[in-house]
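Novice: This is the structure, below, for whatever I ask next.
The values are calculated or read from the model by the stated rules, or taken from the named source; none is laboratory data. The shown structure was predicted, so the numbers you read here are calculated from the model rather than taken from an experiment. For neighbour counting, all protein chains shown are included, and Cβ atoms are generated from backbone atoms with ideal geometry for every residue, glycine included.
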């Protein structure tokens with residue numbers, strides 16, 4: 001899967017006339033190896049840990065390219081924090097987001113997808129994309145409130 005995503009980015013960069021750079025490749029490797037929803041700062045810190053010469057602005061610009069290439073999606077959460085997750089065309093999942101600690105859980109549910117499609121048809125819509133984010137307290141944070 002990672003190799004497929006690297007190929008997608010290489011094709012995108014070639015089409016855009018962007019030259020291949022070691023820094024972009026490093027950022028892509030770190031981004032794709034993470035299974036978290038990362039802010040620019042968090043990704044920068046991960047990259048910097050093994051490659052101190054990469055700047056935060058480079059990480060920011062490169063993440064924007066990943067979004068344009070369809071490899072990443074921006075998520076602006078209710079706290080205003082923008083995070084990035086990797087994906088590939090055709091992949092889809094929804095999110096449970098803890099308002100206490102910020103934990104994000106990805107999930108897929110065929111019933112929810114079917115109901116969304118039925119609602120769209122009922123109202124004459126053709127869905128091109130959607131995002132479902134459910135906010136609440138995770139079990140750990142809920143346990144601390146007792």
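Novice: With the structure loaded, tell me whether residue 120 is surrounded by 10 or more Cβ atoms within 10 Å (Cβ to Cβ) and in contact with a helix residue (DSSP H, G or I) (Cβ under 7 Å, 6 or more places away or on another chain) or whether it fails that test.
Specialist: no
The rows are residues; the columns are (1) within 20 Å of residue 87 (Cα to Cα); (2) at pLDDT below 90; (3) surrounded by 15 or more Cβ atoms within 10 Å (Cβ to Cβ).
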{"site": "18", "(1), (2), (3)": "no, no, no"}
{"site": "25", "(1), (2), (3)": "yes, no, no"}
{"site": "35", "(1), (2), (3)": "yes, yes, no"}
{"site": "40", "(1), (2), (3)": "yes, no, yes"}
{"site": "44", "(1), (2), (3)": "yes, no, yes"}
{"site": "49", "(1), (2), (3)": "no, no, no"}
